[in-house]
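Reading through the structure tokens given below for one structure.
Values quoted throughout were computed directly from the atomic coordinates according to the rules given, and no laboratory measurement underlies them. Please read all numbers here as calculations on a predicted model, not as lab measurements. Note that each Cβ is placed from the backbone with ideal geometry, even for glycine, and that neighbours are counted across all protein chains shown.
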Amino acid sequence: METPAFLDRDRPDVPDLVVPGGVTPFYLQGRPVRGRLVRLGVLTDVLLTRHDHHAVVNRLAGKALALVAGLAAALKFQGAFSLQIKGDGPVTMLVADCTDTGALRFYARTDEDALNTLLQETPNPTDRELLGDGYMALTVDQGPDTDRHQGIVDIAGDDLAAMAMHYFSTSEQHACWVYLCCTMTDAGWRAGGLVLERIAGEGGTHVVGQDDADASWETATILASTLSTREVLDDTLAPATLLHRLFHEEGLHVSHPRALAYGCRCSRARLASVLEGFDTDDLDHMCQDDGLIVMTCEFCNIDFRFPRKDIAPRTA
Ligand SMILES: [Zn+2]
């Protein structure tokens, strides 16, 4: 039986941090538009600084976190919503996920030599230059006994927001408009974004014609395009105030905000269970000279150490 997390005293310290108003959902009354304003706040800094990535990789990772937070908040699911990007650029793998309760985590794998080469030529590379060519997948994972919903598209566009919009235009039915930002501020790393989705018109108070719906969607995206990084990442500017600035003439209705949190689900018990799935030879091979097997959580950048003698394979 697995040790419940709260009894798992050997779990290394990870931040117990919640950002109460991390995601602010809203819709435009009578228009085919709903959206989420995302602001990770101090959580950005806590998540990014657990790793030793270059600032350009942090900027990309922060935007990936804002994206999964903004997309997950619109879905009805229990489990994890994840973004995976695998390309042939210096960032070889980027994974970010968000649970139904707003728990966020990420990891990135980089080819340091390739990254240094790129940075010598291009000190401020685009997301595309970091990722190269490859694919991007969005997955809803609701546990081992359920189907995983997955959509995969080629990496297209210069930045992560464009890649996400490309994903929605090719693999989903509805249009999506995405703005993402991440930067180092006086208060540390900050990331955020705005996601607009075009929904079927039945949500409004009156039935709008197709031309009206097209015009409303276009107006909303034009207004959203006026957003600046400074506004999105300004912790002192209330999300509702910012949304009001953009959409006050468009029937803005702000819904209850949702919390975001530091959210890795790694635990000593879970990793021990993974080790018990290996056979004796594999375990002996993994064992270091000091008699320990080290398992690293790539999300938290934490090493868990298990004495080899304490691990018994399930199938001896
Ligand atoms: Zn972890």
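Observations, loosely collected:
- Debye, to nearest 20: dipole size of the range 112-187, +1 on Lys, Arg Cβ, -1 on Asp, Glu Cβ: 220
- Theoretical ellipticity at 222 nm over the chain - DSSP helices of four or more residues, -39500 (n - 2.57) apiece, nearest 500: -9000 deg cm²/dmol
- Over every Cα atom in the range 143-241, the radius of gyration and the widest Cα-Cα span, Dmax, amount to 16.8, 47 Å.
- A Gaussian network model of the chain, with springs between Cα atoms under 10 Å, assigns the largest mean-square fluctuation among THR185, THR44, THR24 to THR185.
- Extension gain, MET93-THR219: 0.36 nm per intervening residue step, less the Cα-Cα distance, totals 41.8 nm.
- Unit charges on C-beta of K, R, D, E only; dipole of the chain, Debye: 940
- Taking only alpha carbon atoms, the chain gives an Rg to Rh ratio of 1.01, where Rh is the Kirkwood radius.
- Here the calculated FRET efficiency for ALA259 and ALA175, from their Cβ-Cβ distance with R0 = 30 Å, stands at 0.60, rounded to the nearest 0.05.
- Result for the chain in a Gaussian network model with C-alpha springs under 10 Å: among LEU237, LEU196, LEU37, the largest mean-square fluctuation is at LEU237.
- Note: relative contact order over the range 124-219, using C-alpha pairs below 8 Å and six or more positions apart, is 17 percent.
- Helix axis angle, 55-72 relative to the chain longest principal axis, alpha carbon, degrees: 70
- Taking other residues whose beta carbon is less than 10 angstrom from the beta carbon of PRO313, and scoring Lys, Arg as +1 and Asp, Glu as -1, yields -3.
- At an R0 of 30 angstrom, the distance between the Cβ atoms of ASP235 and ASP52 translates into a FRET efficiency of 0.75.
- Dividing the mean sequence gap of close Cα pairs (under 8 Å, 6+ apart) by how many residues the chain holds gives a relative contact order of 26 percent.
- Kirkwood estimate for the range 33-124, i.e. one over the average of 1/r between Cα atoms, Å: 14.1
- Full-extension gain in nm, HIS149 to ASP186, via 0.36 nm per residue minus C-alpha separation: 9.4 nm
- Charge sum, other residues only, whose C-beta stays under 12 Å from THR44's C-beta, Lys/Arg counted +1 and Asp/Glu -1: +3
- Applying the Karplus relation 6.51 cos²θ - 1.76 cosθ + 1.60 with θ = phi - 60° to the range 111-118 yields 3J(HN,Hα) values of 9, 4, 5, 5, 5, 4, 4, 4 Hz, where x marks Gly and Pro.
- Pairs of Cα atoms farther than 18 Å apart, the range 42-196, %: 56
- Reach of LYS63 by Cα under 22 Å, taken over lysines that are not fewer than 8 positions away in the same chain: LYS86
- Cβ-based exposure ranking for THR219, THR280, in which fewest neighbours within 10 Å come first: THR280, THR219
- Legend: calculated FRET efficiency, HIS285 to ARG245, from the Cβ-Cβ distance at R0 = 51 Å, rounded to 0.05, equals 0.30.
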